[in-house]
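Working notes, structure below.
No value in this document is a laboratory result; all are computed from the given coordinates. Bear in mind the structure is a predicted one, so any value in this text is a computation, not a measurement. No Cβ is skipped: glycine too gets one built from the backbone with ideal geometry, and neighbour counts run over all protein chains shown.
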Amino acid sequence: MIATEEEMDSGKLDPPKRDYCAHRLLELRGCLKSNCPFFLRCKHELHTYHECEWEDQVLRMKEWEREKRLRQRDYRNELKAKREEGKPKAKLRSRTGSVGNKVTEKQSSDENNTIDDQQMYLYLSFAAITILSFGTRLYKISEPNHVCWDETHFGKMGSWYINHTFFFDVHPPLGKMLIGLSGHLSGYNGTFAFNKPGDKYLDQPYVGMRLFCVTLGALIVPMSFVIVWKLSKSITSSTLASLLLIFDVGMITLSQYILLDPILMFFITASALGSVMFGSYGDKPFTTKWWFWLCWTGVFLSCSISVKFVGFFIILLVGFQTIADLWQIYGDLSNPLSLVVKHFVARALCLIAIPLILYMTFFWIHLKVLYKSGNGDGFFSSAFQSQLEGNSLYNASMPRYIAYGAVVTLKNHRTGGGYLHSHWHLYPEGVGAKQQQVTTYSHKDDNNKWRIKKYDSEPNANEGDIEFVKNGDLIRFEHLVTTRNIHSHKESAPVTKKHFQVTCYGDNGTGDANDVFRIEIIGGREEQVVETVTSKIRLVHYLMNCALHSHSKQLPKWGFEQMEVSCSPNLLNANIYWNFEDNHFPRLPNVSFEVYAPSFWERFTESHAVMFQGNAGLKPKEGEVTSRPWQWPINYKGQFFSGNEYRIYLLGNPIIWWTNFSLIFIYSFIQFFISVRRQRGCLEAQHIEAQNTRLTNASVWLFIGWALHYIPFYTMGRVLYFHHYFPASIFSSMLSAVIIDYMLRVIPQLVYPSLAPTAYHTLLGAFLSVICYSFYLFSPLSYGMSGPHSHESNSTMYGLKWLDSWEF
């Protein structure tokens, strides 16, 4: 050893670091100190230190091999001596060896007994929490026997899968497909309407779909047990994490109904479990179990984002873990570069390629199963709709070219664009001219139909020469139902004030010069005939030189919250393009719509564009309870699932949630304190250092998991609800269990070591008793409240409304 004891003492080296390379470590620390914060200047010293550690390890291995060979040689010589010298000496040596062997065997037996006991406690704890999880969640699974909260949406969508009816939703399809499959397997035929919360199920077999969701919700608890066990190797932490989830009444409520949330949380937790289990086989790469858990992680990552797009957060967590893992493998100089590349390719295959293939497969199944026309058709392009049985465009044949006098529908060309629409209602007083409203509407009806006319004459579709509409023609559109012409003038649009108002004006097709528009085919040649579906056009007002425009901004209630139509002076705006979808003209030959059939890739990409647009435009319905992210961790406001005689209220167990929230800050302080002491070279007692290491190793990824599933919501502009926090609360509960176990082990040791075991068990028992009692008090929120309300003295919830914002 080159470094002296005095040098190592002054450098405050920990005992494990006082080895053959201590002098190199002292040089590295001196360099880092003198060049702070430009640490890259110390690359040479860092490399020298690592090289020294490697050489030291090689020398130790060689020495161990040498000692092993010497022991084997001595053993052979001893056997030879026994044969030559006779029995008495051998017997004496045998007795001596026997005593030593007995001692060794006894020590080995004690160690094996300890391991066996630990495994027995582990299995018993796992079995107990699994039974408790299913028991608390299956209790009253059939109650209430009416539609609760979002069951009206996801139950209805499950029915549509059973009936093969196409619909539009802002979430990917996997969760709804699984709900539909569970309903089909349990005997539900998809005939219940799911019209609104409170509708009675009567004799409908709805329990199968609830049972499927609650099973996935119950499995979250044992998976969390295994996650914490693998991270902390503490049965106490694992059991405590499970109990925090079991006795959280909010988790029970969210798991018991036909919703996407228990499915999403199951897949997120399964992904985290796979990542942790894969990490536990880091010392056995490319074995069967290593590959199994890597593939498991990839499959469940794909499932997570295939239920809701917020499943992307668990992909980020696993991605960060993978980057850290690969960085560590790359930083180990004993690993050849080929091995690093092999690790990278394995992870790319299982965590990128397999999830992408599965994700696209789910959409392929979704599009194959939903082949019948439904109420979501209008959100998609004309070509997309032509593939849906029952749609007016399915196997449709209509004229390829647009002729004057034809009855047409116009669809905005942007993704998710609606149909040009009007109705008898007028713009209200004070909103431009009090003329007939013009909007875009995503559903098909007769108010979407228009007759296309020349600017100066009335066509007759049944007689006379057929004249086609051409690029650059001046035209008018007459609303078929109200017989008024589409019209614009120099009044501000109702929502987009820089645009001009668009109305319907006139009587029996007669209006004025403000009804005239010039039709232009984008990229078309002069005199080119306008075609159905394929021609991308814009309609430019003849007098004001503004283009007919539509976007996703909605009109107020007087406009039935349909989308605004205006006339935009910006002729380069992306929302001014349209196409003709329907085209009815009796004297023209028809062509089949099969010529417009899109490929799977086109339908896949269009589905995502519509979903992203729908997600961004989500707004709360009238009377709907929404919340903001800052309210979630403090359990500020809950959410009614059932407001009838049998009341269900989504609210986290306040004791558990407030404990979780406070422990986030406590953990940050503890981890900062540990890091500072380590950086300063402070020596800790061996058992305290072991607990510090366990806390850091177990909690850092749980904390990052909580942050990734919570903080991004602050950046979202869409409507948010309380239930969005529950995936983050799973990570928060697991983190809390690790912190509580650490605090109960370390603090008594520092304060009063002789009473530490007693204090540990007493405080742990007291905490468990509190959360069990809080579950007893607040369980009616999940299992149903009837009779008097909480403010009445004879109510079961009397005195439990601790915050005025709680509404039960």
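For the reader, a short list of remarks on this structure follows.
- GluC sites (Glu not before Pro) within the stretch 415-493, DSSP loop, no more than 15 other Cβ atoms inside 10 Å: E429, E463, E467
- Residues whose placed amide H lies under 5 Å from that of D582, excluding near-sequence neighbours: T409
- Proportion of all alpha-carbon pairs of the stretch 134-212 beyond 18 Å (%): 36 percent
- Each part reduced to its alpha carbon centroid, the stretch 188-265 and the stretch 405-422 end up 43 Å apart.
- Lys, Arg +1 and Asp, Glu -1 on Cβ, resulting dipole of the stretch 5-85 about Cα centre, debye, nearest 20: 420 debye
- Ranking L219, V170, Q256 by Cα position along the charge dipole of the stretch 147-259, where only Lys, Arg, Asp and Glu carry charges on their C-beta atoms, puts L219 farthest toward the positive end.
- Between the helical axis of 756-778 and the longest alpha-carbon principal axis of the chain there is an angle of about 20 degrees.
- Prolate/oblate/rounded call for the stretch 382-616, Cα gyration tensor, a/c under 1.5 rounded: oblate
- Centre separation in Å (Cα based) which lies between the stretch 471-538 and the stretch 566-618: 18 Å
- In terms of other Cβ atoms within 10 Å, R538, R745, R76 run from fewest to most in the order R76, R538, R745.
- Phi to ³J(HN,Hα) by Karplus 6.51 cos²θ - 1.76 cosθ + 1.60 over the stretch 480-497, Hz, x for Gly, Pro: 5, 7, 9, 6, 10, 8, 5, 8, 9, 7, 7, 10, 5, 5, x, 10, 8, 5
- Taking a ≥ b ≥ c as the square roots of the Cα gyration tensor eigenvalues, the stretch 5-85 comes out prolate, since a/c reaches at least 1.5 and a/b is larger than b/c.
- Converting phi to 3J(HN,Hα) with the Karplus coefficients 6.51, -1.76 and 1.60 and the offset θ = phi - 60°, the stretch 74-79 yields 4, 5, 5, 5, 5, 4 Hz in sequence order, with x at every glycine or proline.
- Rounded to the nearest 20, the size of the Cβ-charge dipole of the stretch 270-389 about its Cα centre is 160 debye, with Lys and Arg at +1 and Asp and Glu at -1.
- Rounded to the nearest 10 degrees, the angle from helix 686-708 to the longest Cα principal axis of the chain is 10 degrees.
- Of K444/K497; K230/K284; K176/K372; K140/K200, pairs whose Cα-Cα distance is over 24 Å: K444/K497
- Loop-located trypsin sites (Lys or Arg not before Pro) in the stretch 644-701 (DSSP state not H, G, I, E or B) with no more than 11 neighbouring Cβ atoms inside 10 Å: R680.
- Put a plus charge on the Cβ of each Lys and Arg, a minus charge on the Cβ of each Asp and Glu, and nothing anywhere else: the dipole of the chain about its Cα centre is then about 2520 debye.
- The length gained by stretching the chain between E389 and R76 to full extension, at 0.36 nm per residue less their Cα-Cα distance, is 104.1 nm.
- Hits among lysines - C-alpha to C-alpha of K80 under 18 Å, sequence gap 8 or more where chains match: K89, K91
- Isotropically averaged projected area of the stretch 327-406, using the convex hull of Cα atoms (one quarter of hull area), nm²: 9.9 nm²
- Contact order relative to length of the chain, as percent, for alpha carbon pairs under 8 angstrom and 6 or more apart: 12 percent
- Each of K411, K536, K449 has some number of other Cβ atoms within 10 Å of its Cβ, and from fewest to most they run K536, K449, K411.
- If you take the Cα centroid of the stretch 647-726 and the Cα centroid of the stretch 624-643, the two points sit 21 Å apart.
- Calculated FRET value between V751 and A128, using beta carbons and R₀ = 30 Å, to 0.05: 0.40
- Whole-number percent relative contact order across the stretch 275-391, with pairs defined as alpha carbons under 8 Å at least 6 apart: 24 percent
- Projecting the Cα atoms of V341, Q387, Q321 onto the charge dipole of the stretch 321-395, computed from C-beta unit charges around the Cα centre, puts Q387 farthest toward the positive end.
- Over the stretch 5-85, relative contact order from alpha-carbon pairs under 8 Å, at least 6 apart, %: 24 percent
- Each residue in V676, V533 was given a count of other beta-carbon atoms within 10 angstrom of its own, and listing them fewest first yields V676, V533.
- With R₀ set to 45 Å, the beta-carbon distance separating M120 from L356 gives a calculated FRET efficiency near 0.55.
- The chymotrypsin sites (Phe, Trp or Tyr not before Pro) of the stretch 381-482 meeting both criteria, a DSSP state outside H, G, I, E and B (loop) and at most 16 other C-beta atoms within 10 angstrom of the site's C-beta, are Y455.
- The chain: angle of helix 261-280 to the longest principal axis, Cα-based, in degrees nearest 10: 40 degrees
- Projecting the Cα positions of A193, L70, W706 onto the charge dipole of the chain (unit charges on Cβ atoms of Lys, Arg, Asp and Glu, taken about the Cα centre) puts L70 furthest along the positive direction.
- Potential extension, F286-N195 segment - 0.36 nm per residue separation minus Cα distance: 27.5 nm
- Each residue, K553 and L40, gets one label point 7 Å from its Cα in the Cβ direction; the gap between the two is 4.7 nm.
- Computed from backbone phi, the HN-Hα couplings of the stretch 794-808 come to 8, 7, 5, 9, 5, x, 9, 7, 6, 10, 5, 6, 6, 10, 7 Hz, rounded to whole numbers (Karplus: 6.51 cos²θ - 1.76 cosθ + 1.60, θ = phi - 60°; Gly and Pro given as x).
- Put a dot 7 Å past the Cα of E526, heading toward its Cβ, do the same for T483, and the two dots end up 3.9 nm apart.
- Relative frequency of Cα-Cα separations exceeding 18 Å in the stretch 285-370, percent: 49 percent
- Net length gained if the chain between D445 and L316 were fully extended (0.36 nm per residue, minus Cα distance): 42.1 nm
- Förster radius 45 Å - calculated FRET efficiency between E458 and H608 (Cβ-Cβ, nearest 0.05): 0.50
- Environment charge at S237 (Cβ cut-off 14 Å; Lys +1, Arg +1, Asp -1, Glu -1): +3
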